[in-house]
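A single structure is presented below for examination.
All of the numbers you see were taken from the coordinates with simple rules; none came from a lab. Because the structure is predicted, anything quoted here is derived from the model rather than measured. Neighbour counts are summed over all protein chains in view; Cβ atoms, including those assigned to glycine, are modelled from backbone coordinates with ideal geometry.
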Amino acid sequence: MKTLIYLILLSTATACFSSKGIDVKSVSNQTYEKSKDAIKVDHRAWDDLLKKHVKPNGLVDYKGFINDSVALNQYINYLSQQVPDKTWSVKEQLAYFINVYNANTIKLIGDNYPVPSIKDVSATISPFLKQFIKIGDKSYSLADIEKGILQKMNEPRIHFAINCASISCPKLLQTAFTAKNVDELMDIAASEFINSDKNKLSANNPKLSEIFKWYKSDFLQISPSIIDYINQYADVQINANAELNYIQYNWDLNDTN
C-alpha cells in the first residue's frame, strides 16, 4: 500500500526528474515532420524479441526473454551507446525512449524473476527509482525516463506505449517503436487501451483506469477534459457530464507463465 501511495504522489512530481543533459524535443514546439533523415537507431532486434515473446493480448513470456537474454542485453547495450541529441527528430526520440523504457523493464523483471509483481523487485528502493539504465555515461531510472524525459515531450499517448510489467498497464505491443511508426503505433496503443477491459466505458457511469487520474494534467494539455480525450478513441462515447470513477490498479505481473 505504501508503494502504491508513493507512486501516485510520484506521478505528480515530474519536476524533480532530469533529462541529465539530453536535448529533449517537445511535440508542442516540434511538429511530427515527415522525416527523410537517415535512421538514427535500429530497433529490429527488439522487434524480433517482441514478436517471439509477447502474446497478442500483451502478456509476456519472461522465461522466453530470459532464454534470449544475450540478444536482449545486446540490444540494451546498443541503446545505451545511442545518445539522443538535437539532430534527432522528435519521432526518433519518442521511439527511442519508449523502447528504452520497455526493454529495460523486461530486463529488470528477468534479472529478478520470478516475482509476483514489479513492486517486489526490491525491498529497499522503488524499482522505478533504481538507476540501472545506461545512456552514454549517465545512469537513469525508469522514473527518469518516464517523468524526466517522456512526459516533458508533451505527448500523453506515451502513457499507452510504455509498459510497467503489470496486468493493469497498457499492453506491451508486439512491434518495436520506430521513427517511422511511432505516431501510428501510439494511436493504436491508445485506442486498444481505452477500449480494453482496463476501462469499463459507458455513457453515464464510466469506470476508468487510474492512469487517467494519475496523469490527468498530461491529458489536459491537449484536451479540455478527460472525457473529451477518451472520446477521441472510445467505441462507447461518455456523456460530458458523467461522473468518473476509477478501477483499482492491478500490479500483478503480466506473465504468461
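Restricting the search to region 132-172, which residues are surrounded by fewer than 21 Cβ atoms within 10 Å (Cβ to Cβ), hydrophobic (A, V, I, L, M, F, W, C) and assigned to a loop (DSSP other than H, G, I, E, B)?
Result: Phe132, Ile167.
Given the condition crowded, with 20+ Cβ neighbours inside 10 Å and part of a loop (DSSP other than H, G, I, E, B), answer yes or no: does some residue in region 72-85 qualify?
yes
So that you can scan it fast, the table gives a plain yes or no per residue for (1) over 13 Å from the mean Cα position of the chain (by Cα); (2) more than 25 Å from Tyr78 (Cα to Cα):
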{"site": "Ile125", "(1), (2)": "yes, yes"}
{"site": "Lys138", "(1), (2)": "yes, no"}
{"site": "Ala143", "(1), (2)": "no, no"}
{"site": "Gln151", "(1), (2)": "no, no"}
{"site": "Arg157", "(1), (2)": "no, yes"}
{"site": "Ala161", "(1), (2)": "no, no"}
{"site": "Cys169", "(1), (2)": "no, yes"}
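Would you please name the residue that is surrounded by the most Cβ atoms within 10 Å (Cβ to Cβ), looking only at residues in region 180-215 that are acidic (Asp, Glu) and under 28 Å from Glu92 (Cα atoms)?
Taking region 180-215 first, the residues acidic (Asp, Glu) are 183-184, 187, 192, 197, 210.
From the residues that got through so far, the ones that are under 28 Å from Glu92 (Cα atoms) too are 183-184, 187, 192.
Details: Asp183: 18, Glu184: 11, Asp187: 14, Glu192: 16.
Filtering region 180-215 for residues that are acidic (Asp, Glu) and under 28 Å from Glu92 (Cα atoms), the one surrounded by the most Cβ atoms within 10 Å (Cβ to Cβ) comes out as Asp183.
Condition first: crowded, with 18+ Cβ neighbours inside 10 Å and over 18 Å from the mean Cα position of the chain (by Cα). Now tell me which residues in region 234-257 satisfy that.
Answer for region 234-257, where residues must be crowded, with 18+ Cβ neighbours inside 10 Å and over 18 Å from the mean Cα position of the chain (by Cα): just Ile238.
Residues are listed down the side, and each one gets a yes or a no for (1) free of Cβ contacts under 8 Å to residues at least 12 places away in the same chain; (2) in contact with a Phe, Trp or Tyr (Cβ under 9 Å, 6 or more places away or on another chain); (3) within 21 Å of Ala240 (Cβ to Cβ):
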residue: Ser139; (1), (2), (3): yes, yes, no
residue: Arg157; (1), (2), (3): no, no, no
residue: Ala189; (1), (2), (3): no, yes, no
residue: Phe193; (1), (2), (3): no, yes, no
residue: Asn199; (1), (2), (3): no, yes, yes
residue: Glu210; (1), (2), (3): no, yes, no
residue: Tyr215; (1), (2), (3): no, no, yes
residue: Asp218; (1), (2), (3): no, no, yes
